[in-house]
Amino acid sequence: MEASGGRRLVLLADVSGKGIPAALVMSNVQAALQAAAMIDFDLAGQLGRLNDQLHARLGGKRYLTGIFALLEPAAPTGILVNAGHPDPLIAGPSGVRRVTGRDMPLALLPGRRFTTHPFAMAPGEMLLLYSDGLTDAPDQAGEPLGIAGVEKLFAAAYSDDPVRTLDKIFTAFKAHETAASDRDDQTALIIRAE
């Protein structure tokens, strides 16, 4: 979504629970962030305020994990907040690296403050945001893929085309996942630096 100063706000989030109640929480989060993003937007401060509002409304019974990234318009750089979500990954011709730094999920405790983490990408590199439905999926032996497994999939799948890269990641993921696994949301998003 558009943000002040020509920036872009990108989020990938997961609300605890299923069905309409979880969807309504996510809809409210998206609307609140979209409204706030058009003014002089402070990502960490806005997430702190949103955390307190969600905690007051949900009473700590539901929570939200997510990656919230604010991308600069002229350069492939930005900042992000990781609220209890798997580490984002950046891939390029030289390999894959993690964007580390994790805060607590939103809505669990009031008064939480969040920390932004800067990141930069070279032209052609890609930022991968993904849900724990990928990391938690077990193989035939019952072992979860984990962040290291997603890293390997991303490194093997990397190409100059983000759609092809994402298709390759999910094809390899399906080969890992067992048919009997508890199917959590399996979501991924790639942003390519020009």
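Before moving on, here are some points about what is shown:
- Ranking T65, L54, L153 by Cα position along the charge dipole of segment 36-162, where only Lys, Arg, Asp and Glu carry charges on their C-beta atoms, puts L54 farthest toward the positive end.
- Whole-Å semi-axes of the ellipsoid equivalent to segment 4-69 (Cα gyration tensor, √5λ, descending): 22, 13, 10
- In the chain, Cα pairs under 8 Å separated by at least six residues give a relative contact order of 21 percent.
- Distance between the 7 Å Cα→Cβ label points at S16 and A141: 3.1 nm.
- For the chain, lysine pairs separated by 8 or more sequence positions, or belonging to different chains, with Cα-Cα distances below 25 Å total 4.
- Where only C-alpha atoms are counted, convex hull volume of segment 61-194 per residue in Å³: 110
- Loop-resident sites, segment 114-194, for trypsin sites (Lys or Arg not before Pro), counting at most 11 other Cβ within 10 Å (DSSP): R183
- Summed side-chain charge close to N51 - residues other than N51 whose Cβ falls under 13 Å, Lys, Arg +1, Asp, Glu -1: +3
- Share of carbon and sulfur in the accessible heavy-atom surface of segment 1-62 [1.4 Å probe, %]: 55
- Around A157: net Lys/Arg minus Asp/Glu count, Cβ-Cβ under 9 Å: +1
- Per-residue extension of 0.36 nm, minus the Cα-Cα distance of M1 and E194, leaves a gain of 67.7 nm for this segment.
- Cα shape, segment 7-111, gyration tensor, a/c 1.5 rule: prolate
The values are calculated or read from the model by the stated rules, or taken from the named source; none is laboratory data. This one's a predicted model, so the numbers in the text were calculated from it and none came from an experiment. Reconstructed Cβ throughout: ideal geometry from the backbone, glycine too, with neighbour counts over all protein chains shown. We work out accessible area using only protein heavy atoms, side chains counted, and drop any ligands, DNA or RNA first. Shrake-Rupley method; radii C 1.70, N 1.55, O 1.52, S 1.80 Å.
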